[in-house]
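Q: Submitted below is the structure of interest, expressed as C-alpha cells.
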C-alpha cells in the first residue's frame, strides 16, 4: 500500500499541468515527492498565480535539501515581496534549521495589495563558523538588501546576511545602511556587527548622530565592535550631548572598546556615576588600558559595588590586569559562576571571550572547564570555541564524552569550530 502511494506521488509530481489548472493543494501534493519533485516545483516558480509561487517556495523550503537552493535563489528574483521574503527565509533555513518558523515569513499577512509582517526582537542568531555558505546565496541576498521589492524585503535580507556571516555582501549592507528606512538601516548595522569586517566602519560614522535612537545606538555599538578609533571624537561628542540615557551608555561603552589614554579622564568621571551601566562602561575602559597601576582602585570599587552588572565589568577589569587566580571569591571565578545565571550570563560570557584571548587566562579556564556545573561547562566551551588556540582542542575534546548529552553536543560543536579555525 505504501509503495502504491509513493508511486502515485511520483506520478503526480511528473504529470504535466497547465498554469490555470494548478492549485496550491496541487503544489503541496507535488512537494510530498521530496527532492525528485524539485524540477517540477522550479518550473512552477514561473506560474502567473501568486498563490502558486508562494506555495512553491514553501514546499522547496520544506524539502530543504541542497537541491532546493538554486530554485530558492531563483525565487529571490520574483517581483512579489512575499515570495522574496519567503525565499530568503528558506535559504537561511537550509543553513540554520528551524529558522523559517521564526523568520519574518512566519508572521506575514496580506493586507489589501500589500503584506505586513513583524521582525522578532531576538536578533542574535548566527551560523557556526564551520558552516560554509554557497557564494551564490550571499550574492542573491545582497541584491535583495540593496534593492528588494519592499523595505521589509531589504531589511529581511540584511538580517539574513548577518545570520549567514556573508562577508562578500558587506558592500550591499553599506549601501542599505544609507537608505532612509529605519528597519533597513538597523538590520544592516546588526549584520555588520556579526560579520565583523572592520574595513566597513568608516562608512558608518555619519549614523552616530542619527535622529532615530534605535539606529543611533546600533551605529554606536557597531563603531565600537568594528574598532573604529578614528570615530572616538564623534563618540565623545555624542556622550556629551545625548539626552537619552541609553545613547549615553552606548557611547561610553563604545569609547571603552577603543582604548586610549586620552579617555582616562572620562573613565574616572563615570566610574562612580549613579547610573549602573555608566559605571560598568567606565570599568571596561580601564580594563582595556592594561595599566597595572589601576588595579588597587578597581579592587576597591569592586568591593564597594552592590550591583551585578558593574561588578561583572569590574571583575573583567581585574582579570585583564592580572588577577587570573581561581578561588572562591576571585574576580575570574565570579565571571565563571555567573554563567549559571540566566539573567547575567549574557554579560559574563563576552567578558570571558575577550579575556580568554590572553594565553594565561585561557589556560586558567581549562580546570573549571572539566569540573564546573553544566552551565559553566557549556559557557566555557563557547568561550574556547571563540578564543581558543590549537592547545584548546584536546581540552575541549575531553568533554565530547561528557555524561550530559547537552555538554557533549556543545563540546563537539566547539571542537568543530576550533578545527575549522586552525
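Quick note: the coordinates plus some simple rules give every number you see, no bench work behind them. On a predicted model such as this, the values are computed, not experimentally measured, just so you know. In this analysis, Cβ positions are derived from the backbone assuming ideal geometry, glycine residues included, and neighbour counts consider all displayed protein chains.
Okay, residues lined up against (1) under 31 Å from the mean Cα position of the chain (by Cα); (2) surrounded by fewer than 20 Cβ atoms within 10 Å (Cβ to Cβ); (3) touching a residue at least 12 places away in the same chain (Cβ under 8 Å); (4) under 23 Å from residue 240 (Cβ atoms):
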site: 257; (1), (2), (3), (4): yes, no, yes, yes
site: 263; (1), (2), (3), (4): yes, no, yes, yes
site: 296; (1), (2), (3), (4): no, yes, no, no
site: 304; (1), (2), (3), (4): no, yes, no, no
site: 311; (1), (2), (3), (4): yes, no, yes, no
site: 323; (1), (2), (3), (4): yes, yes, yes, no
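Q: Take residues that are more than 20 Å from residue 117 (Cβ to Cβ) and tell me which of the helices (runs of 4 or more DSSP H) falling wholly in the range 128-238 contain 2 or more.
A: Values: elements: 135-147, 151-163, 170-176, 182-195, 213-225.
By residue number, 135-147, 170-176, 182-195, 213-225.
Q: Report those helices (runs of 4 or more DSSP H) wholly inside the range 292-392 carrying at least 3 residues which are within 30 Å of residue 122 (Cβ to Cβ).
A: On the way: elements: 295-304, 308-320, 331-337, 345-355, 359-364, 366-371, 374-387.
Counting at least 3 such residues, we get 308-320, 331-337, 345-355, 374-387.
Q: Name the single residue, out of those in the range 65-77 being assigned to a loop (DSSP other than H, G, I, E, B) and in contact with a helix residue (DSSP H, G or I) (Cβ under 6 Å, 6 or more places away or on another chain), that is surrounded by the fewest Cβ atoms within 10 Å (Cβ to Cβ).
A: Quick first cut of the range 65-77, residues assigned to a loop (DSSP other than H, G, I, E, B) only: 65, 76-77.
Remaining after also requiring in contact with a helix residue (DSSP H, G or I) (Cβ under 6 Å, 6 or more places away or on another chain): 65, 76.
On the way: 65: 11, 76: 25.
Ranking the candidates gives 65 first.
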